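Below is one structure, written out as structure tokens, with a few remarks after it.
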Amino acid sequence: MRKVLRLVVLCLIVNFMQAKSRKNILFLVADDMRPDLGVYRSGDPVIHTPNLDALAGKSLLLKKAYVQQAYCSPSRTSLLTGRRPDTTHVYDLVHYFRQSGGNFTTIPQYFKERGYNSIGMGKIFHPGRKASEFDDPISWSRPYFHSDENEAYQGRKHSWRAVSKDEYNDKPLPDIQLANKAIEVLRQVGPAAKRGEQPFFMAVGFYKPHLPFVFPEEYLSLYPPENIKLPKNGYIPAHMPPIAWSKYWELLIYKDIAELQVSGQPNTSLPRDVVMNLRRAYYSSISFIDNEVGRVLQELKTLGLEDNTIVSFLGDHGWQLGEHGEWCKHTNFEDALHAPMMIRVPGITDGGIVSERLTEFVDLFPTLVESAGFTPLTLCSEVNSTKTILCREGTSLMPLMQNPTRKWKSAAFSQYPRYLNGLLIMGYSVRNDKFRYTEWVQFNRKPSFKPNWNILYGAELYDHTTDPGENFNRADEAEYHDHRVTLMGLLHKGWRNSLPPALEK
Ligand SMILES: *[C@@H]1O[C@H](CO)[C@@H](O)[C@H](O)[C@H]1NC(C)=O
Ligand SMILES: *[C@@H]1O[C@H](CO)[C@@H](O)[C@H](O)[C@H]1NC(C)=O
Ligand SMILES: *[C@@H]1O[C@H](CO)[C@@H](O)[C@H](O)[C@H]1NC(C)=O
């Protein structure tokens, strides 16, 4: 026992000594931000995100990164622990992974335990007692910071609101407070980091573009009404199984939307002007967050920390902005699962690297560990990793920084649960280079957390080579039979069977 203790102490000392020369990490997240950034979309309308585009120009930009579940806490828990929802057992906003899955090491906790000053602010874990015991205190070196939630900006009266300069100067918007705080803390911890005394891991979680879309009114002028377009596909996919649908309750709770008395059922839609206004407000909110991210990145530069700080940026999942007549996240459609992710590693990604390879948000943890120069994490055991506090279910993206077109994962995996007459159904979805394939099946919760593939409530097969909008479900078409059999194999065998060749056994 004593020997073990001595070894542990020695390891800690070595870690702390090594930490001195380490790069800092700035970990940026935006809530509900789909890849509507200049570098992801080329128009219709052009999205104004100069700061994120500039960051992308010095980063590994993942063009096809997929979240493991299109919902806040499940997605964040998964990426922050590097494990998938069937391991964290977090599929909703009321379970906490340390109680439901295991006492897993998180990204900020990992760096804290290796001598970093681990600082968290804004929305990183899903907040509150149930989802995270108030922002997972184990992860941070100092008390956590949240902006003042000004009531004027929070209520459920308006789904969106452009705030005048006078008003937000008087009552600062939460994301402006957050960027201010990030700048203030960078000024505090920057000098020690620069002198090589203690590196920082700083996580800044922006609250927008989550509903309600509340933003400074000047951003509206970037998106004149005549530039806003309706989605091309305001209807459900042909032959969509009903279980695939979400009634977008998260939008319907706002008074201005509730007053329209829409049901949220498939193929019902919101009035045209409401759709247009929501799209305009969402884009404006993205540009607002881009500006706040830019202020933080500018401070990093001003303090002379840019070349010594790894920066990651991501949205926690995608969002449906009226495509399919659908809203919010809560589905397994491409629009909900596809999200922005970029990682800047000074000295490695400076020229900008774009990869179209399929990647997953569980890949971020092992990437940050390796890019900061620590020993690579080991792959979690297939048998049961509940008691393993540190392991990975993703793959470090460092090899893509060397060669962004190398052979990589053959598929990305996601899931979404639904309740049907008290039964728990899980929608498992796989994306390969050509198709998205989803099966909604009976799910056994405790103790196995495994699907029963034989009890099927619906299947979806979308051919992205001809149908990137996912408007035709081909699952039952004879012509797609062979594809379906292949995709079914891919889905049922799971993520371990789709890891990059040569790197993984
Ligand atoms: C979880 O891990 C942390 C950090 O190692 C430790 O402080 C805590 O006591 C653990 N909690 C449980 C319930 O084991
Ligand atoms: C949904 O609407 C589209 C476009 O109007 C229509 O073609 C399709 O048949 C409708 N589907 C159902 C199930 O009503
Ligand atoms: C994994 O191990 C934990 C703790 O040892 C146990 O509670 C759990 O039931 C196991 N899970 C499975 C699927 O065997």
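The values are calculated or read from the model by the stated rules, or taken from the named source; none is laboratory data. In this text, all values refer to a predicted model and were calculated from it rather than measured experimentally. Counting neighbours? That spans all protein chains shown, and the Cβs are built from the backbone with ideal geometry, glycine included. For the accessible areas, the whole protein counts, side chains as well, though only heavy atoms, and no ligand, DNA or RNA atoms are used. Shrake-Rupley method; radii C 1.70, N 1.55, O 1.52, S 1.80 Å.
Between Lys434 and His239, residue separation times 0.36 nm minus the direct Cα-Cα distance comes to 68.3 nm. Taking other residues whose beta carbon is less than 12 angstrom from the beta carbon of Asp256, and scoring Lys, Arg as +1 and Asp, Glu as -1, yields +2. Charged side chains reduced to their Cβ positions (Lys and Arg at +1, Asp and Glu at -1) give the chain a dipole of some 2020 debye around its Cα centre. Note that the chain presents 41 Å² accessible area per residue, ligands and nucleic acids not counted, probe 1.4 Å. Label separation (Thr386 vs Arg295): 4.7 nm, computed from points 7 Å beyond Cα along the C-beta direction. Note on Ala54 and Gln402: the model spin-label points, each 7 Å out from Cα along the C-beta direction, lie 3.2 nm apart. Restricting the GluC sites (Glu not before Pro) of segment 424-481 to loop positions (DSSP other than H, G, I, E, B) with no more than 16 neighbouring Cβ atoms within 10 Å leaves Glu477.
Can you give me the relative contact order of the chain as a percent, contacts being Cα pairs under 8 Å and 6 or more apart? Relative contact order of the chain: 22 percent.
Among the GluC sites (Glu not before Pro) within segment 237-335, those in coil by DSSP and having at most 13 neighbouring Cβ atoms inside 10 Å are Glu259.
For segment 103-190, averaging the sequence separation of C-alpha pairs within contact (under 8 Å, six or more residues apart) and dividing by the residue count gives a relative contact order of 25 percent. Taking the 1.4 Å solvent-accessible surface of segment 95-244 as the whole, the part contributed by carbon and sulfur is 50%.
The ellipsoid equivalent to the alpha-carbon distribution of segment 20-402 has semi-axes of 32, 24, 20 angstrom, derived from the gyration tensor eigenvalues as √(5λ) and listed largest first.
Residues of segment 229-254 with the amide nitrogen closer than 17 Å to a label point 7 Å from the Cα of Asn267, along Cα-to-Cβ, please. Backbone N within reach: 233-247. Accessible surface of segment 412-498, 1.4 Å probe: 52 percent of it comes from carbon and sulfur atoms.
The Rg/Rh ratio for segment 63-193, using Cα coordinates for both the radius of gyration and the Kirkwood hydrodynamic radius, is 1.02.
Centroid-to-centroid, using Cα positions, segment 49-83 and segment 458-505 are 23 Å apart. If R0 is 22 Å, the Cβ-Cβ spacing of Arg496 and Ile138 corresponds to a FRET efficiency of close to 0.20. Applying 1/(1 + (r/R0)^6) with R0 = 35 Å to the Cβ-Cβ distance of Arg445 and Glu151 gives a FRET efficiency near 0.40.
Between Ser410 and Lys194, the simple spin-label model (points 7 angstrom out along Cα→Cβ) gives 5.1 nm. Antiparallel beta bridges, as assigned by DSSP with both residues in the chain, represent about 55 percent of the total such bridges.
Length gained on full extension, Lys171 to Glu479: 105.0 nm, using 0.36 nm per residue less the C-alpha separation.
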